[in-house]
Amino acid sequence: MILTSLKDKVAFNRYYDEPAADQIARITRIKKDFGDDLLLVAHHYQKDEVMQFADARGDSLKLAQIAANTHQAKKIIFCGVHFMAETADILTSDQQSVVLPDPMAGCSMADMANSFQLTQAWAKLTAEFGDDILPITYVNSTAAIKSFVGDHGGVVVTSSNAKNIVSWALHRAKRLLFLPDQHLGRNTALDLGLTPENIGLWLARENQLQAENHQALRVILWDGYCSVHQQFKVEQINALREKYPDIKIIVHPECAHEVVAAADEEGSTAAIINYVKQAPAGARIAIGTDNNLVGRLIHQYPDKQLMFLNPFSCSCILMNRIDLPHLAWTMDQLAAGQPGNVITVAPEIASGAKKALDRMLLLS
Ligand code: 13P
Ligand code: SF4
């Protein structure tokens with residue numbers, strides 16, 4: 001929500017004074033009134049107070065697939081972060097609108113790559129390596145970055161399909177520029193059998209490539225990262241293994257490579273949920289990803305010994321911007337026929353971004 005005046009702010013702050021029970025009742029009623037015309041989707045990192053209203057939930061890939069396959073609902077309330085809502089807007093028709101309950105719910109990793117930096121990087125890289133290079137972007141990127149990637153023959157990946165799609169891309173180009181998450185890029189490249197010598201690092205602020213042997217490079221990583229997943233360390237894994245020799249550790253591939261290498265398993269949020277679901281009763285598992293998801297799993301499976309890999313880690317503050325008051329405000333605006341925070345990607349950006357997203361959906 002863009003609060004432009006003090007009057008707006010005072011009006012919104014009232015939502016924090018209203019009893020939660022009243023907001024829950026109102027959201028439930030408005031959702032019912034809209035019926036199939038409205039779909040509320042939520043990412044797995046959302047808080048329970050929001051998740052209770054989700055018609056569908058998922059990891060980034062599933063949420064993109066839902067957007068591409070939703071035709072009946074004309075209004076999609078997207079409880080997640082800005083790049084996810086942009087992706088949904090690009091994949092839905094012009095007759096559908098996507099609403100993000102708080103437009104300040106961004107992603108600090110997505111903000112680590114902008115079009116100006118990418119254009120500069122591309123000019124330097126193609127000057128050195130020629131045209132045999134393909135850009136690949138993690139879905140955690142702005143629509144403008146996806147647009148550049150789509151217009152240059154590249155593709156979007158998520159943590160669920162990165163391995164398959166990067167493998168596909170490595171057969172099509174001598175080199176890849178992977179942005180913005182260096183960790184997902186490095187974990188994927190090493191999983192596919194590339195060596196550290198094949199992997200370089202693009203220092204975006206310096207506009208410079210860091211690599212020992214430029215000729216050996218197959219994948220050039222943008223130097224972005226997720227501050228939530230930076231909080232997981234090998235020492236935490238070692239300490240838990242010492243205390244509980246039978247423990248299994250699963251982490252998200254946005255964690256640094258040494259953490260992924262020390263864990264038993266890595267996977268997207270959907271893969272983590274599935275791993276926990278499949279584990280036998282009594283299994284002891286530590287999970288390295290956002291607290292909202294880990295806390296929900298601990299609550300959901302009391303028969304398993306689930307725990308936080310880092311009990312002191314902070315949850316994603318951007319995902320957490322979507323809360324009950326913002327959702328209640330969003331629903332009130334919709335009911336009043338004045339939807340707020342509609343996310344609209346400009347057509348000249350959406351067209352390139354859609355090419356990169358459609359390639360991903362075809363390959364998934
Ligand atoms: P998933 O696609 O695995 O849900 O990850 C999204 C994300 O932002 C993780 O930080
Ligand atoms: Fe972005 Fe990290 Fe939050 Fe995911 S957890 S939305 S990558 S800041």
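The values are calculated or read from the model by the stated rules, or taken from the named source; none is laboratory data. These numbers come from a predicted model, not from an experiment. Every residue, glycine among them, receives a Cβ derived from its backbone with ideal geometry; neighbour counts consider all protein chains shown. Ligands, DNA and RNA are stripped out before the accessible areas are found, and what is left, the full protein with its side chains, is counted by its heavy atoms. Shrake-Rupley method; radii C 1.70, N 1.55, O 1.52, S 1.80 Å.
What the table below lists for this structure:
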{"quantity": "Segment 253-360, dipole about Cα centre (Lys/Arg Cβ +1, Asp/Glu Cβ -1), debye to the nearest 20", "calculated": "200 debye"}
{"quantity": "Dipole in debye (nearest 20) - segment 183-239, about Cα centre, beta carbon charges: Lys, Arg +1; Asp, Glu -1", "calculated": "120 debye"}
{"quantity": "Linear extension gain, A281 paired with R29, 0.36 nm per residue minus alpha-carbon span", "calculated": "86.9 nm"}
{"quantity": "Using a Förster distance of 35 Å, the FRET efficiency for D111-K163 (Cβ separation, nearest 0.05)", "calculated": "0.85"}
{"quantity": "Between segment 66-82 and segment 153-171, the Cα center-to-center distance that results, in Å", "calculated": "24 Å"}
{"quantity": "Accessible surface, the chain, averaged per residue in Å² (probe 1.4 Å)", "calculated": "43 Å²"}
{"quantity": "Sum of -39500 (n - 2.57) over DSSP H runs of 4+, divided by residues of the chain (222 nm, nearest 500)", "calculated": "-13000 deg cm²/dmol"}
{"quantity": "Global form of segment 212-311, assessed from the alpha-carbon gyration tensor, a/c cut-off 1.5", "calculated": "prolate"}
{"quantity": "Sites D303 and A56 - FRET efficiency at Förster radius 30 Å, r taken between beta-carbons, to 0.05", "calculated": "0.70"}
{"quantity": "Net charge over other residues, Cβ less than 11 angstrom from the Cβ of E266 (K, R count +1; D, E count -1)", "calculated": "-3"}
{"quantity": "The chain shape via C-alpha gyration tensor axes, a/c threshold 1.5", "calculated": "oblate"}
{"quantity": "Within straight-line cross-link reach of K74, lysines at Cα separation under 25 Å, skipping those fewer than 8 residues along the same chain", "calculated": "K31, K32, K47, K62, K146, K354, K355"}
{"quantity": "Net lengthening on full extension, L201/T119 (0.36 nm per residue, minus Cα-Cα)", "calculated": "27.9 nm"}
{"quantity": "Sulfur and carbon atoms: percent of accessible area, segment 25-173 [1.4 Å]", "calculated": "48 percent"}
{"quantity": "By average C-beta atoms within 10 angstrom, highest first, the peptides 188-194, 167-173", "calculated": "188-194, 167-173"}
{"quantity": "C-alpha center-to-center spacing [segment 186-253, segment 291-340] in angstrom", "calculated": "27 Å"}
{"quantity": "Mean Cβ count within 10 Å, highest first, over the residues of peptides 289-298, 226-235, 122-131", "calculated": "289-298, 226-235, 122-131"}
{"quantity": "For a label point 7 Å along the Cα-to-beta-carbon line of D22, residues of segment 302-344 with backbone N under 19 Å", "calculated": "323-336"}
{"quantity": "Kyte-Doolittle mean at least 0.0 and Cα axial length at least 18 Å: DSSP H helices in the chain", "calculated": "115-129, 347-363"}
{"quantity": "Student exercise, the chain dipole from Lys, Arg, Asp, Glu Cβ charges, in Debye to nearest 20", "calculated": "360 debye"}
{"quantity": "Protection proxy ranking of 28-36, 105-113 - average other beta-carbon atoms within 10 Å, highest first", "calculated": "105-113, 28-36"}
{"quantity": "Unit charges at the beta carbon, dipole of the chain: most positive-side option, N164, A25, Y244", "calculated": "A25"}
{"quantity": "Summed side-chain charge close to D323 - residues other than D323 whose Cβ falls under 13 Å, Lys, Arg +1, Asp, Glu -1", "calculated": "-2"}
{"quantity": "Of all accessible heavy-atom area on segment 227-278, the percent that carbon and sulfur account for (1.4 Å)", "calculated": "48 percent"}
{"quantity": "Sites D8 and Q72 - FRET efficiency at Förster radius 35 Å, r taken between beta-carbons, to 0.05", "calculated": "0.60"}
